[in-house]
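Working notes, beginning with the structure itself.
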Amino acid sequence: MIDLQTPVAELLDSTHGKPKLLVVDDQPINIQVMYRCFAGDYQVFMATNGEQALALCKTNPPDLILLDVVMPGLDGFEVCKQLKADQSTSHIPVIFVTSHTDPAQETHGLNLGAVDFIAKPVNPDVVRARVKTHLTLKFQSDLLRKLVFLDGLTGVFNRRYFDQQISTEWSRASRNQSPLSLILLDVDYFKRFNDQYGHQAGDDALRLVSAALKTCLRRPADLVARYGGEEFGCILPDTSYEDALPIAHELERKVRELAVPHASSSVDTVITISVGLATRPGVADGDVNALVSLADSQLYKAKRTGRGRVCSGVLATMA
Ligand code: GH3
Ligand code: MG
């Protein structure tokens with residue numbers, strides 16, 4: 001079931017603030033013209049050559065690029081080609097701004113993946129209207145892309161995103177010889193909760209639990225996902241065992257502090273969770289499945305030894 005309320009509101013929130021435009025032109029006068037057009041409604045970033053534009057797109061991706069075609073060094077076509085070839089920048093719409101109104105050139109640019117062509121000298125009203133249209137389309141497709149990776153009930157990431165990210169983070173950790181921590185957690189006696197309070201109350205409780213979990217993660221790269229029915233996963237990149245353990249305990253504590261009554265639980269009078277933490281140290285053997293299995297077995301151990309607690313382990317490294 002997709003409950004559009006929470007996730008969509010959050011998603012729209014994340015696009016709040018002025019959209020970011022990148023203007024790329026080797027002539028400062030042209031940049032000034034564009035700046036005057038857009039400074040009121042947008043955050044305008046500038047680059048005076050192709051290399052600078054590509055670097056900016058990596059560090060601070062804009063929502064749309066206005067790209068000059070003829071520039072010394074990397075020309076606009078080459079910049080567009082490179083942006084479209086890179087997965088992290090391919091979704092940024094590119095509008096070519098050019099004094100060449102040759103249909104062959106225009107076709108070439110559109111075939112490279114640009115969304116539009118605008119002729120110089122630009123008419124401010126026309127360029128503003130076109131930018132607005134393409135930004136609306138861009139935000140709509142961003143939203144759809146995000147919805148594919150969100151859990152409809154709780155608004156946190158879904159299992160599909162979790163599986164993708166844990167593999168990505170494992171590869172990154174292996175490359176950089178950095179640690180990676182994974183927490184799997186599960187609500188205790190949740191079947192009894194549903195039986196006593198009803199499925200609707202169960203859904204509400206899962207929303208509260210996921211919101212509480214989110215408050216424990218502070219780094220931008222940390223994420224919480226719904227792993228299964230009442231099971232959640234937290235990925236903590238570049239986080240050692242020593243740093244992850246207090247977070248695991250905080251998750252357990254924060255859920256207990258929600259004080260959601262659970263009269264039929266054998267752990268407490270409120271909802272609790274069991275937590276399994278697994279960390280791969282900087283250098284580790286095995287693959288991502290070993291990390292997931294370890295977190296899972298620690299979660300199972302927490303269940304077996306009384307629930308409402310944290311169990312944890314570190315992946316073995318061959319001597
Ligand atoms: P344990 O402490 O061993 O984890 O016991 P448990 O009762 O939590 O575990 P069990 O796997 O027996 O039951 C899980 C329950 O979670 C059963 C299922 O109805 C409920 N559940 C799973 N997904 C949802 C959901 O989206 N909404 C609601 N309300 N309940 C859910
Ligand atoms: Mg459970």
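Inside segment 171-204, residues that are near ligand 1 (Cβ under 8 Å from one of its atoms) and in a helix (DSSP H, G or I) make up a count of 10. Mind listing just one residue for me: the one in segment 192-210 that is free of Cβ contacts under 8 Å to residues at least 40 places away in the same chain and among the small types (Gly, Ala, Ser) and, of those, farthest from Asn158 (Cα to Cα)? Once the filter is applied, the top-ranked residue is Gly198.
Taken together, the residues in segment 93-109 that are surrounded by 14 or more Cβ atoms within 10 Å (Cβ to Cβ) and touching a Phe, Trp or Tyr at 6+ places or on another chain (Cβ under 9 Å) amount to 8.
So, in segment 277-317, how many residues would count as being among the acidic types (Asp, Glu) and assigned to a helix (DSSP H, G or I)? Selection size over segment 277-317: 1.
Pairs meeting the criteria (first residue in segment 166-179 and over 17 Å from Cys234 (Cα atoms), second residue among the aliphatic types (A, V, I, L, M), beta carbons under 6 Å, at least 6 apart or on different chains) are Gln177/Val283.
A residue that is within 16 Å of ligand 2 (Cβ to nearest atom) and either farther than 28 Å from Gly228 by Cβ or in contact (Cβ under 8 Å) with a residue 12 or more places away in the chain (or both) cannot be found anywhere in segment 124-133. Against the numbered list (1) away from ligand 2 (no atom under 16 Å from the Cβ); (2) buried (at least 20 other Cβ atoms within 10 Å of the Cβ); (3) under 23 Å from Arg226 (Cα atoms), Gly313 comes up short only at (2).
Would you say Arg256 is touching a Pro at 6+ places or on another chain (Cβ under 8 Å) and touching a residue at least 12 places away in the same chain (Cβ under 8 Å)? No; evaluated as a whole, the condition is false for this residue.
Give the residue that is modelled with the lowest pLDDT, with candidates limited to residues of segment 104-133 that are among the β-branched types (Val, Ile, Thr) and within 20 Å of Tyr42 (Cα to Cα). Outline the logic, then answer.
Pass one, segment 104-133, residues among the β-branched types (Val, Ile, Thr): 107, 115, 118, 122, 126-127, 131, 133.
So of that shortlist, the ones also within 20 Å of Tyr42 (Cα to Cα) come out as 115, 118, 122, 126-127, 131, 133.
On the way: Val115: 97, Ile118: 93, Val122: 90, Val126: 93, Val127: 94, Val131: 97, Thr133: 96.
Selected residue: Val122.
Within segment 43-60, being modelled with pLDDT under 95 and either in a loop (DSSP other than H, G, I, E, B) or polar (S, T, N, Q) (or both) holds for Thr59, Asn60. Exactly one residue out of Leu153, Leu185 is within 16 Å of ligand 2 (Cβ to nearest atom), of a type in the set (A, V, I, L, M) and not assigned by TED's automatic domain parsing to the domain that holds Ala244, and it is Leu153.
The values are calculated or read from the model by the stated rules, or taken from the named source; none is laboratory data. Since we're looking at a predicted model, the values are computed, not measured. All Cβ positions, glycine included, derive from the backbone under ideal geometry; neighbour counts span all protein chains shown.
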